[in-house]
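K.L.:
Encoded as structure tokens, here's the structure I'll be asking about.
The values are calculated or read from the model by the stated rules, or taken from the named source; none is laboratory data. Remember, predicted model here, so these are calculated numbers, not experimental data. Don't worry about glycine lacking a Cβ; one is built from the backbone with ideal geometry, like all the others, and counts go over all protein chains shown.
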Amino acid sequence: MPVWLQTLALLSLSNVFMTFAWYGHLKTLNTKHWVIAALISWGIALFEYMIMVPANRIGYTELSVSQLKIMQEVITLAIFVPFSVMYMQQPLKLDYLWAGLCLLGAVYFIFRS
């Protein structure tokens, strides 16, 4: 499997954990004290880091740090939009499209030779 594809898969999986760690508590733990939410989020984030660190190490064998960061930002939006709409019950907005187009520009500039 190509390095970029391994990196993409691992960063995507880690981003699912990250999104739930950062935002999932807003729906599921909103009646709990913030310390409880923080501790549970840190527990979830541990799994995110255990996947993200190897993903970045693998990716860095062929990709630059800038490429890894832009890849992560694209993945973040790709994971966050469905999470926001389906899990958090937020409306799907045209702004997500505009943000995605801006990220496509970032991908172009970072990945061009």
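K.L.:
Which of the residues belonging to region 23-36 are surrounded by 15 or more Cβ atoms within 10 Å (Cβ to Cβ) and not aliphatic (A, V, I, L, M)?
P.N.:
Tyr23, Gly24, His25
K.L.:
Kindly indicate which of Asn15, Asn56 is touching a residue at least 60 places away in the same chain (Cβ under 8 Å) and either among the acidic types (Asp, Glu) or surrounded by 15 or more Cβ atoms within 10 Å (Cβ to Cβ) (or both).
P.N.:
Asn15
Residue-wise test of (1) of a type outside the set (Gly, Ala, Ser); (2) farther than 17 Å from Leu11 by Cβ; (3) at pLDDT below 95.
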| position | (1), (2), (3) |
| --- | --- |
| Glu73 | yes, no, yes |
| Ile79 | yes, no, no |
| Val85 | yes, yes, no |
| Pro91 | yes, yes, no |
| Tyr96 | yes, yes, yes |
| Ala99 | no, yes, yes |
| Leu103 | yes, no, yes |
| Ala106 | no, no, yes |
| Ile110 | yes, no, yes |
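K.L.:
Can you give me the ranges of the helices (runs of 4 or more DSSP H) entirely in region 1-86 with at least 1 residues that are of a type in the set (Val, Ile, Thr) and closer than 21 Å to Gly100 by Cβ?
P.N.:
In region 1-86, 3-19, 65-82 are the helices (runs of 4 or more DSSP H) which contain 1 or more residues that are of a type in the set (Val, Ile, Thr) and closer than 21 Å to Gly100 by Cβ.
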